[in-house]
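What follows is one structure encoded as structure tokens, with my remarks underneath.
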Amino acid sequence: MRHEIAALLAMTVSLTYRDARGSMTKAMGLLGGGLEKEIIGKYTMPGIGFGTLGNVGDAGCALVEAALAEGYRYIDTSRYYGNEEAVGRALARSSVPRGDIWVTTKLLHPRTPPQPDLVLELEKSLRSLQTDYVDLLLIHWPNPQVSLEWALGEFAALREQGKTRTIGVSNFPTNLLRQALEIVGDLAANQVEYHPYLNQRPLLDLMRERGLVLIAHSPLARGAVLNDPVLKEIATRRQLSVAQVVLRWLVQQERVVAIPGAVNVEQLRENLKVLDVTLTSDEMTAISALARGMRIVNPPHGPAWD
Ligand SMILES: NC(=O)c1ccc[n+]([C@@H]2O[C@H](COP(=O)([O-])OP(=O)(O)OC[C@H]3O[C@@H](n4cnc5c(N)ncnc54)[C@H](OP(=O)(O)O)[C@@H]3O)[C@@H](O)[C@H]2O)c1
């Protein structure tokens, strides 16, 4: 039996394919559609992560620790969330080895000083996170007051020094992402809002062409999609929750990873289970047809969107 499982796993690995840059991309499993993850060069980003916005202090630390115990291997934070220290305590307390966890943080939020010493800032984050490196460092938002050339140059140098394994951006629409890619051609990811009510097709096309991963933030539209009749019908038929249908729709797409937030262990557990199911192409199409330009995260400092 163990040999059969090993053989199945080997077949699963052999089903990975290559993107335009020749990098291995999504590992589509034979095992019930599970095992979704994205390959970025020599690194592997899990298909589902825990988004920690709002999870601060001891309670935040406890929820991150619970997420790791439940099987999450991707934790998303930011300097701006004020919880790197809480996340760091959870990483230190968890029995999961650091090397098995994908940690993303972000610097350069428009509400923080525009020209910080990025070497010192990342050192500060690493100290709080109790780690020697992060897996992904993102520019939190585009900001006309911040030179993209300077910021990405600094980020690339930090990657060179091993302080971060990969680098990328967040909340970058297509035109700004093109500019960023002219400065650093091998960005790993763009973290943007993405859920059934917001079409991200132009951005996704560009990102797939250039081998980037789209990390879907606010993937449940902060609850705004959870009463949708089409999603409810699919959920009932498939014996899933609406949140699971939405998350599955996201992670089943090529080059898409999702980082849902959660307020308790039940939600954490439910959201991770989406790696066990597969939606039909008709279900995928029906969910994509729900897009209606609804943007939940749209602050005054945001860019001109696609
Ligand atoms: N880069 C950026 O600028 C940016 C911006 C926003 C977010 N993010 C990242 O994206 C992550 C997720 O975004 P988000 O937390 O704002 O929005 P979200 O993931 O769309 O919504 C999370 C909320 O949905 C509810 N929920 C979660 N799982 C559920 C389930 N299984 N069933 C029913 N309800 C469920 C919970 O709230 P209730 O139970 O209270 O309803 C939870 O707080 C953040 O934590 C952060 O890491 C990044």
Of all helices (runs of 4 or more DSSP H) fully inside segment 35-143, the set with 3 or more residues that are within 14 Å of the ligand (Cβ to nearest atom) is 57-70, 84-93
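When the residues of segment 236-248 are filtered to those that are under 22 Å from Thr104 (Cβ atoms) and among the hydrophobic types (A, V, I, L, M, F, W, C), which remaining residue is nearest to the ligand (Cβ to nearest atom)?
Our first condition is that a residue be under 22 Å from Thr104 (Cβ atoms); within segment 236-248, this holds for 243, 246-248.
From the residues that got through so far, the ones that are among the hydrophobic types (A, V, I, L, M, F, W, C) too are 243, 246-247.
Details: Ala243: 3, Val246: 9, Leu247: 8 Å.
The qualifying residue nearest to the ligand (Cβ to nearest atom) is Ala243.
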Meets criteria (touching a residue at least 24 places away in the same chain (Cβ under 8 Å) and in contact with a Lys or Arg (Cβ under 6 Å, 6 or more places away or on another chain)) for Ile139: no
Could you tell me whether segment 272-282 includes any residue that is more than 17 Å from the chain's Cα centre (by Cα) and within 11 Å of the ligand (Cβ to nearest atom)? no
For segment 92-111, give me each residue that is surrounded by fewer than 21 Cβ atoms within 10 Å (Cβ to Cβ) and in contact with an Asp or Glu (Cβ under 9 Å, 6 or more places away or on another chain). Arg93, Ser94, Arg98, Ile101
Tell me, please, whether a residue that is crowded, with 21+ Cβ neighbours inside 10 Å and assigned to a loop (DSSP other than H, G, I, E, B) can be found in segment 281-298. no
Check whether at least one residue in segment 190-199 is under 17 Å from the mean Cα position of the chain (by Cα), modelled with pLDDT of 95 or more and among the hydroxyl-bearing types (Ser, Thr, Tyr), and report yes or no. yes
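Within the group Ile48, Ile39, which residue is of a type in the set (Val, Ile, Thr), over 20 Å from Ser94 (Cα atoms) and modelled with pLDDT of 95 or more? Quick ask: steps written out before the conclusion?
Numbers: Ile48 fails: over 20 Å from Ser94 (Cα atoms).
Residue meeting the stated conditions: Ile39.
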Within segment 127-151, the residues that are surrounded by fewer than 21 Cβ atoms within 10 Å (Cβ to Cβ) and more than 24 Å from Gly88 (Cα to Cα) are Asn143, Pro144, Gln145, Val146, Ser147, Leu148, Glu149, Trp150
Test for Thr112: is it modelled with pLDDT under 95 and of a type in the set (Val, Ile, Thr): yes
Have a look at Gly54, Gly82, Gly47 and point out the one that is over 17 Å from Ile167 (Cα atoms) and surrounded by 19 or more Cβ atoms within 10 Å (Cβ to Cβ). Gly47
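Within segment 53-63, is there a residue that is at pLDDT below 95 and touching a helix residue (DSSP H, G or I) at 6+ places or on another chain (Cβ under 7 Å)?
Residues of segment 53-63 at pLDDT below 95: none.
No, segment 53-63 contains no residue that is at pLDDT below 95 and touching a helix residue (DSSP H, G or I) at 6+ places or on another chain (Cβ under 7 Å).
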If you take the residues in segment 256-271 that are near the ligand (Cβ under 10 Å from one of its atoms) and β-branched (Val, Ile, Thr), which one is surrounded by the most Cβ atoms within 10 Å (Cβ to Cβ)? Ile259
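The values are calculated or read from the model by the stated rules, or taken from the named source; none is laboratory data. All values derive from a computational prediction rather than experimental measurement. When we count neighbours, we look across all protein chains shown, and the Cβ atoms used for this are built from the backbone with ideal geometry, even at glycine.
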